[in-house]
Amino acid sequence: MRDKLEKLIIAYEELERKLSDPSVASDIKEFTRLNKEYAHQTPLVTAAREYLSALDDIEAAKEMQRDTSDPDEKAMLQEDIAANEAKLPQLEEDIKFMLIPGDPNDEKNTIVEIRSAAGGDEAAIFAGDLFKMYQRFCDHQGWKLEVLDSSPSDAGGFKSIEFKVNGDKVYSVMKYESGVHRVQRVPKTESQGRIQTSTATVAVLPEADEIDVQINQSDLRIDTYCASGPGGQCVNTTYSAVRITHLPTNTVVQSQEQRSQIQNREVCMQMLRARLYEMELEKQQAELGAERQSQIGHGNRSEKIRTYNQPQDRVTDHRIGFNSTYNGVLLGDQLSAVIEALAAADRAEKLAEAVD
């Protein structure tokens, strides 16, 4: 343990030297990368230094005990030894958790996309219910939610809706929501009381900035069109809505929620960067080959992660078998308990791997 922590401290001090190097400071991309790494390592190194200091103090006190014959001094040194030894278990536990490889995107904001899937109108209504659930959850977390683009359904809810969430470590929490969400309930339009199963997909993308993703303007086709739906006098009269196609990947994003064409274009670029960044992350993971199969899944949109069963008032997260109540999760504030259970399962598995 000591050797490993000493090497971590040496590497951290090397990072400090690099950050003060003018040649590194002039390279914004490299400086940003190193600065993020430095900030990430600081709590671990602080704990490591405290742990090693306690070990050194214990050893020094024991040596002084051997060299003295004064009973009072021996007793005082023994108190120091006991106090430092009492610190060690908690410090060691903290360090173990901080040594778990972190997700470099955990600090990022997110772009979330909800799409209705199987189930027709009821699937769109369910997509709208999921959006309301996330609205309430973000309010409880003190996060800011901003709708980027939406396609409402005539029956209610949304065929699709994309929104951005800003706040403290948003992606570290929201990433567990990616996948297929399934609802079992009696639709409002069902006159005979039959239960219907419908699904909606949720994609949670880490927000990417220009440093993360380089986009050539020549690779873009930008179209403008009249916005539709509610929005005031300018709707259907000005070409404020924007659609951007990234030609190399055929990725299409669009926005009509903002007041001006310039604002909608910026929103489209945010969404495009996030999608291209996600593609790059998936490519990197595929190149890693035999990567671990986490019990919380890969967050793939084709992967059924959760079932909301209204008649039984139960919500089951299939990745860890966690159960909660339908009203508590979809209509209330129990989503945080589900996510905390998923995060705990993820940490426990990673810790077990780190120990192995």
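Here, each number is a calculation from the coordinates, and none is a lab measurement. All values derive from a computational prediction rather than experimental measurement. Positions of Cβ are backbone-derived with ideal geometry, glycine not excepted, and every protein chain shown enters the neighbour counts.
Some notes on this structure:
- Of 85, 257, 113, the one that fluctuates the most in a GNM where the chain has Cα springs shorter than 10 Å: 85
- Of (i) 21.2; (ii) 24.0; (iii) 27.2, the label for Kirkwood radius over Cα pairs in Å derived from the coordinates: (ii)
- Rounded if a/c under 1.5, otherwise prolate or oblate - segment 1-110, Cα gyration tensor axes: prolate
- Using just its DSSP H runs of length 4 or more, each adding -39500 (n - 2.57), the chain gives a mean residue ellipticity at 222 nm of -16000 deg cm²/dmol after division by all residues.
- Magnitude of the charge dipole, segment 46-167, Cβ model with Lys/Arg +1 and Asp/Glu -1, debye to 20: 800 debye
- DSSP beta bridge pairing in the chain, given as percent antiparallel to the nearest 5: 90 percent
- Comparing mean-square fluctuations of 28, 244, 305 from a GNM of the chain with C-alpha springs under 10 Å, the top value falls on 28.
- Charge tally around residue 306: other residues with Cβ under 12 Å, Lys/Arg +1 each, Asp/Glu -1 each, net +1.
- Cross-link pairs 283/304; 164/350; 18/62 - those with Cα-Cα distance over 32 Å: 18/62
- Sparsely packed loop sites in segment 158-190 (the GluC sites (Glu not before Pro) outside DSSP H, G, I, E and B with at most 15 other Cβ atoms within 10 Å) comprise 190.
- With at most 11 neighbouring Cβ atoms within 10 Å, loop trypsin sites (Lys or Arg not before Pro) (DSSP) excluded, longest segment of the chain: 1-187
- Axial C-alpha extent at least 18 Å, average Kyte-Doolittle at least -0.5 - helices from the chain (DSSP): 120-141, 335-355
- Here r is the Cβ-Cβ distance between residue 222 and residue 24 and R0 is 35 Å; the resulting FRET efficiency, rounded to 0.05, is 0.45.
- Efficiency of FRET from Cβ geometry, residue 214 and residue 194, R₀ 41 Å, rounded to 0.05: 0.20
- Segment 2-98 - charge dipole about Cα centre, Lys and Arg +1 at Cβ, Asp and Glu -1, debye rounded to 20: 660 debye
- Given +1 at the Cβ of Lys and Arg, -1 at the Cβ of Asp and Glu and no other charges, the dipole of the chain around its Cα centre is 2120 debye to the nearest 20.
- Signed unit charges on C-beta, dipole axis of the chain, positive-most listed residue 331, 227, 202: 227
- Seen from residue 223, the other residues with C-beta closer than 13 Å to its C-beta sum to a net charge of +3, counting Lys and Arg as +1 and Asp and Glu as -1.
- Positive-end extreme of charge dipole, segment 61-109 - chosen from 69, 99, 84 (charges on Cβ): 99
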